[in-house]
Structure formats: structure tokens, C-alpha cells
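Below is one structure, written out as C-alpha cells; the observations come after it.
The values are calculated or read from the model by the stated rules, or taken from the named source; none is laboratory data. Please read these numbers as outputs of a predicted model, since none were measured by experiment. Quick reminder, even Gly has a Cβ in these numbers, built from the backbone with ideal geometry, and neighbours come from all protein chains shown. Ligands, DNA and RNA are stripped out before the accessible areas are found, and what is left, the full protein with its side chains, is counted by its heavy atoms. Shrake-Rupley method; radii C 1.70, N 1.55, O 1.52, S 1.80 Å.
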Amino acid sequence: MKHSQQRWSHFNSSNRSRLRSSPILDSQRLMSHCHDEHAGHGGHDHDHDHDHSDDITPALQSSLYQQINFDDITTLNESRRDAGKAVVKKTWAERLSAEPELESDADEQLLMTVPPDKADSFAAQVKLHSILLRTSPSPSAPKTLHLHVNRDNLDFSAAEDLEPVQKIELSQTSDVQEIAVKRALFGKVQRLVLFFVDNFGDGDEPVSRMSYVGFKGEWTRLGKAPTTILYEAAAQPGDHKAKLPSSSPELSRFDDQPPQLGELENPPPSISNRPTNPTTTKRTIMPPRLSSRAALPRPSALFASQTRRRVLLPLVPQRSIQYGWSTAPPRSKHRRFNQPNSGLPAPTTGPAAALKRREKTTPLRAGVLATKKGMTSTFIGKTRVPCTVLQLDQVQVVANKTREKHGYWAVQIGSGSRQPRNATSPMLGYYEAKGVAPKGELAEFMVRGEEGLLPVGSQLLPDWFQPGQAVDVRARSRGMGFAGGMKRHGFAGQGASHGNSRNHRTIGTTGPSQGSGSRVLPGKKMPGRMGNEWVTVQNLKVIKTDNELGIVLVSGAVPGPKGRVVKLQDAKKRKAPALPYRERALKDLRDRYPDADAQLEAARQRHLEMKEGRRGASSKEAAAAAAL
């Protein structure tokens with residue numbers, strides 16, 4: 001925390017007071033309650049019994065004790081076997097006990113790997129907040145701690161060569177230390193490696209000792225809420241219609257509804273194939289009526305007998321994504337000059353033409369979602385520059401949109417987190433198929449081409465932007481509420497005297513009585529709600545980026561109040577970062593997530609299995625309800 005305070009030292013006193021009251025720093029005060037209470041008793045120790053219920057309650061709110069696989073914890077260079085497991089397996093009530101204790105064997109270094117529970121693979125996401133440690137005031141207390149995330153088969157030589165995700169300087173004390181981590185770097189933890197480099201003996205003490213290790217954070221299980229949803233409370237006649245026999249492939253393709261996943265292999269029980277009781281009256285089920293599309297000839301059948309003509313436009317009944325479409329209703333579409341045999345070139349309207357026109361103003365890369373924390377100032381040389389602090393909170397790629405399927409190239413970005421109980425069932429299934437925890441905010445960023453797409457599930461850090469480049473910031477402005485004409489539109493108002501009574505701030509007449517139909521013309525400036533509109537500030541300069549704090553400093557002001565989520569992307573009217581920087585940033589992103597495609601496919605398969613299981617359970621419940 002010493003380095004973090006130095007980085008934020010340029011904030012004024014008001015910003016620092018607000019940061020102290022933020023929820024990010026509240027977790028650092030949870031451990032001080034017990035020792036403050038002891039100080040009130042005159043500094044007594046723990047030799048006598050007294051109530052610790054007030055200490056246990058806040059500490060267990062964000063504990064990750066239940067999500068740790070204790071059997072797979074490995075500790076290298078431990079003097080006693082499974083001592084690392086025993087230290088981590090201690091509960092919060094046993095944190096002050098001296099035994100068991102973890103000691104190093106050959107030298108002062110220790111390497112501990114903590115994996116999550118096996119049952120949570122591809123089904124949970126851990127966001128680490130802090131690490132709890134209890135050492136001793138002796139020289140054998142560890143001094144430096146290196147943290148690595150999602151590293152397999154890491155030994156001492158590899159740990160010394162690799163750059164740690166975060167480097168922490170520990171304290172020499174017997175109290176339980178709570179070390180806060182940079183949340184932007186520990187948003188998706190699947191395996192945590194703790195490398196204790198040295199101790200306070202400075203080479204004279206060959207043994208390092210500790211007696212308690214704990215973890216605090218957020219744990220979200222994917223796909224948990226949809227399993228408790230009741231899809232059908234009673235039998236619905238429309239859901240149990242007779243379906244076409246599977247032996248008629250010629251007729252099955254004319255059905256109005258497309259076959260669902262697993263319907264052909266395991267058809268759900270319906271009225272037609274349900275076993276009947278011979279004692280009951282036998283019902284006669286009429287064959288289903290063919291769709292109206294089956295009776296109509298296809299356009300290709302009409303031209304089959306004619307000679308093939310040379311056309312410039314594709315011979316399709318309606319234009320598709322590749323050739324553009326019209327938003328008018330089918331009955332009012334103008335087809336006179338767009339016939340296939342008219343000999344005209346491709347139309348200049350539609351998505352293809354629109355994307356071509358906007359090609360030069362579409363950014364090459366995707367943007368990020370950031371939270372506005374406030375304004376401060378920094379010095380560039382001897383010039384004081386006001387700037388805005390934007391913080392990135394677990395910014396991940398959720399999905400990619402392609403030209404062939406959606407009509408344009410875009411990357412969907414998610415930020416923050418959302419409790420599963422506060423998300424709808426379709427969105428929970430959507431996140432489950434992507435292998436991503438529910439997000440608090442979602443936004444799309446259009447890119448120029450396929451090279452701008454990113455791996456799904458990867459996390460974007462502040463170094464995605466280059467210091468000195470220009471960016472566009474888009475957000476909703478501050479809401480002013482219902483405002484009058486003078487404040488909203490800058491009207492001068494009415495006279496202060498000379499017969500004017502109680503109409504000093506009115507807007508006056510709203511429309512004529514002749515010539516325009518005695519009505520108020522559309523777009524008339526009148527009182528109404530002011531603010532809360534999308535505002536874009538272009539060509540702001542990136543002053544500084546910090547991956548440890550997860551912040552981006554941009555020059556100038558940004559729309560919206562503090563806490564507003566803003567969209568940050570490369571500027572449209574300025575040059576993008578140089579090609580070497582863009583390639584290096586993309587390469588670093590792909591190196592951090594080398595198996596992103598495999599994880600996405602595994603999450604998709606798991607989602608299909610869970611979806612099929614939920615559908616089978618709902619079908620059984622519906623059949624049981626119908627049989628009653």
C-alpha cells in the first residue's frame with residue numbers, strides 16, 4: 001500500500017477523503033476491530049476467554065474458505081509434510097493458534113500453490129480482494145511476497161525469472177495482516193501462487209515461519225440461478241401439439257417452428273406418442289396442416305424452365321446482409337428500379353454502403369468501459385494540466401459480432417460484476433455460454449474489420465491505450481431534472497415590470513394562430529427534463545496509464561458525475577496508435593489468454609448440457625402435471 005499512496009499523492013484532500021470512504025478501501029479496516037477492542041481492555045493478550053463473535057461476523061462475509069481445494073495445495077521447501085495445507089485449512093477462529101506452523105527447510109524461500117475447488121471448473125469465477133497472513137515479530141517472518149495468477153507447474157527458478165503480477169512488502173508483526181491486492185489484476189483467478197522470496201533476517205536467518213494464511217474476495221457461480229426456475233406451472237395446450245413424424249423429412253422442413261436442440265434424437269413426450277390406456281376412449285388425432293409456405297412455389301422453380309439470363313444483381317427474392325435491405329414494410333417496398341434484370345449497379349443504401357462510407361471514421365480497435373472517479377491535475381514540465389481519473393473494473397470481452405452474421409464488426413465489452421439473482425434468466429444463460437460471470441455493464445464497440453476482434457473472456461488492462469494518444473469519451477451527462485426555458489434553452493424571459501405580473505420567467509407564446517394550423521410545431525423549445533443525454537468529448541489526450549491501480553488519466557473533463565460508467569475508445573478524427581504498439585498490445589493480450597478459444601468451447605458445451613437437463617426436467621414436470 002506504500003506504493004499506492006505515493007501514486008495517489010497528487011490528489012487533493014477532498015478526493016482522498018472520498019477514496020477513504022470507498023468500498024474498495026473498506027475491507028482493509030475489517031481486521032482492526034479486534035485489536036481496537038483489546039486496546040480498550042488495557043492491552044491484554046489472548047490468554048483468557050472472551051467473545052469474538054463481533055470479529056468473526058465481518059471477516060466471514062467475503063471469505064473464500066469454502067472455495068479452496070485443500071487436498072491439492074502444494075508447498076515447496078516445507079520442513080514438515082502438508083504443513084502448508086494445515087496453515088491454509090485453519091478457520092478464522094483458529095487464526096491466533098501457534099500450531100500448526102509452516103516452516104521452510106533448505107533456505108528462507110517458500111512457494112505455495114492454492115487451487116480452487118475441482119467442482120467449480122468452468123462454473124465459477126473468483127475475484128480476489130485481499131490476503132490474510134499471520135507471521136511473527138522475529139527475523140524469521142517473511143518480508144517479500146510475489147503473487148502469480150493462473151500459473152501451472154511453477155518452481156523456484158521459474159518464479160524468480162517471471163515478473164510477478166503484484167509485489168508486496170510484508171510487516172514484521174504477530175498480528176493478522178490483511179494485504180489488499182490490485183483488483184483489476186485479480187479479477188479472474190483460477191490458481192494462485194504465493195512466492196515468499198526472503199525474510200527479515202537478511203540472510204542470517206535460514207528459516208521462514210508463518211502460522212495463518214487466508215483469502216477474501218468475491219465468488220460467483222455460473223449457471224446457478226437458472227436451475228431453480230420453474231418453466232411451466234401447469235400444462236399448456238399450445239406446448240403439446242402433435243408433431244410431424246420423423247420419417248417424413250420432406251414435410252418436416254416446412255414446419256413453422258425450427259427443431260430445437262436434441263429434439264430429433266430425444267423428442268419430448270407429446271399427446272401423439274404418449275402411451276394410451278386401452279380402457280379409455282380412443283381419440284383420433286388429425287394430421288397436422290402443412291404450412292402456407294409449402295403450397296407456394298419457390299422463386300427458383302418459376303425460373304427453372306426459362307433460359308439463364310445475365311444479371312448484375314443477385315437473383316434473390318429479398319436483399320440480404322451482403323447487399324443491403326430496406327426498413328420499409330414489405331407491402332410498401334419500392335421494387336420498380338431494383339429488379340434483377342434492370343441492369344443497374346448495386347444500390348447505395350443499406351448496411352454494406354453505410355459501412356463503406358463510415359470506414360475511415362470507424363476505429364481499428366475496441367474500447368473499454370471505465371468508471372469516472374473524479375478530477376485532479378498533474379504537471380507536464382511546468383504546465384499544470386487538469387485531468388480525469390478513469391478506473392477499469394474487470395473489463396472483459398464478452399462476445400464478437402461479425403459481418404456475415406450480424407451485419408457489422410463489433411466487440412461486446414463487459415465491466416464490473418452483478419449478482420446472479422439480479423440478472424434475468426436469458427442473460428444468465430448468455431453469460432453461462434460465454435464462460436463469464438454476470439457483468440454490471442455491457443456495451444458494443446464497432447471496429448473496422450475482422451482484425452479488430454478479440455478473444456472472448458480476455459481482460460483488457462489500462463495499457464491497452466498508449467500514453468499520448470487521442471481518445472473519445474462518451475457518456476451520459478449529469479441529469480438536471482425538470483428545468484424551465486431560461487435554464488434549459490437560455491431564454492431571456494419576460495420584463496420585470498410595466499404591466500408584467502407573475503410571468504417573468506415564462507417562455508411566452510408556443511405557436512401561431514394562423515398559417516400553420518393553430519398548433520405547436522414539432523421541436524419547439526419548451527420546459528422539460530434537462531441533461532442525462534449522451535455526450536461525446538473527442539480528442540482527449542491520454543496522460544498516464546497504471547495497470548497496478550487500474551486507472552487511465554485523460555486530459556480535460558468527461559461527461560457525467562462521479563461514478564458514471566463511460567465508454568473509452570480510440571479517437572475517430574485522430575491517428576490511431578502506431579502499428580507496432582497495436583500489434584504488441586494484441587500479442588500481450590493473446591499471450592495472457594492462450595487457451596481462450598478452448599475455454600469458450602468448453603463453456604458452450606457445458607451450457608448446452610445444462611440447458612438440455614433443464615429442458616428435460618421441465619418436460620417431465622409438464623407431463624406429470626398433465627397426467628393429473
Exercise. Is the stretch 487-628 rounded, prolate or oblate when judged by the Cα gyration tensor, a ≥ b ≥ c being the square roots of its eigenvalues, rounded requiring a/c under 1.5 and prolate requiring a/b larger than b/c?
Worked result: oblate
Seminar exercise, completed: Length-normalised contact order of the stretch 493-597, Cα under 8 Å, at least 6 apart, in percent, tallies to 12 percent
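Gain in length, R421 to D591, computed as 0.36 nm per residue apart minus the alpha-carbon separation, to one decimal in nm?
Details: separation 170, 0.36 × 170 = 61.20 nm, distance 3.39 nm.
Result for the pair: 57.8 nm of gain on full extension.
Please list Y431, Y408 from largest to smallest accessible area, probe radius 1.4 Å, with all protein chains kept in place. Could you put the intermediate results ahead of the total?
On the way: Y431 10, Y408 55 Å².
Sorted descending by solvent-accessible area, the residues read Y408, Y431.
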Problem set entry | Estimated vicinal HN-Hα couplings, Hz - the stretch 490-497 in sequence order (Karplus 6.51, -1.76, 1.60; Gly, Pro = x) | x, 5, 7, x, 9, x, 7, 8
Exercise. Given +1 on the Cβ of Lys and Arg, -1 on the Cβ of Asp and Glu, and no further charges, what dipole in debye does the stretch 509-607 carry about its Cα centre, rounded to the nearest 20?
Worked result: 600 debye
For this session: In whole Hz, with x marking every Gly and Pro, tabulate ³J(HN,Hα) for the stretch 605-614 from phi via Karplus 6.51 cos²θ - 1.76 cosθ + 1.60, θ = phi - 60°.
Result: 5, 5, 5, 5, 5, 5, 5, 5, x, 5
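Provide the gained length on full extension for the span S618 to T91, in nm with one decimal, where the gain is 0.36 nm per separating residue minus the Cα-Cα distance.
On the way: separation 527, 0.36 × 527 = 189.72 nm, distance 4.06 nm.
Contour length minus the Cα-Cα distance gives 185.7 nm.
Counting only other residues whose beta carbon sits under 9 Å from that of A576, what net charge do I get with K and R as +1, D and E as -1? Before the final figure, lay out the partial values.
Working: positive: R365, R574, K575, R582; negative: D570.
Charge balance in the 9 Å sphere: +3.
Just subtract the alpha-carbon distance of D161 and F70 from 0.36 nm times their residue separation and send over the number in nm, one decimal.
Numbers: separation 91, 0.36 × 91 = 32.76 nm, distance 2.74 nm.
Separation in residues times 0.36 nm, less the Cα-Cα distance, equals 30.0 nm.
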Exercise. Residues with amide H under 5 Å of G374's amide H, sequence separation 5 or more or different chain, H placed in the peptide plane at 1.01 Å from N; which?
Worked result: V389
Exercise. Each residue of the stretch 516-531 in order: what ³J(HN,Hα) in whole Hz does its phi give by Karplus 6.51 cos²θ - 1.76 cosθ + 1.60, θ = phi - 60°, with x for Gly and Pro?
Worked result: 10, x, 6, 9, 8, 5, x, x, 5, 6, 9, x, x, 5, 10, x
For this session: For F215, enumerate residues with amide H under 5 Å from its amide H, sequence gap 5+ or separate chain, H modeled in the peptide plane.
Result: L64, L132
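Lys and Arg at +1, Asp and Glu at -1: add these up for the other residues within a Cβ distance under 10 Å of Q412 and post the number.
Working: positive: K401, K434, K439; negative: E444.
With Lys, Arg at +1 and Asp, Glu at -1, the net is +2.
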Seminar exercise, completed: The size of the Cβ-based charge dipole (Lys, Arg +1; Asp, Glu -1) of the stretch 382-498 about the Cα centre, to the nearest 20 debye, is 540 debye
Seminar exercise, completed: Sorted by chain and number, the residues with a modelled amide H under 5 Å from that of Q177, at a separation of 5 or more or across chains, are L133, R134, T135
Seminar exercise, completed: Inter-part gap, Cα centre of the stretch 427-480 to Cα centre of the stretch 67-97, in whole angstrom, is 39 Å
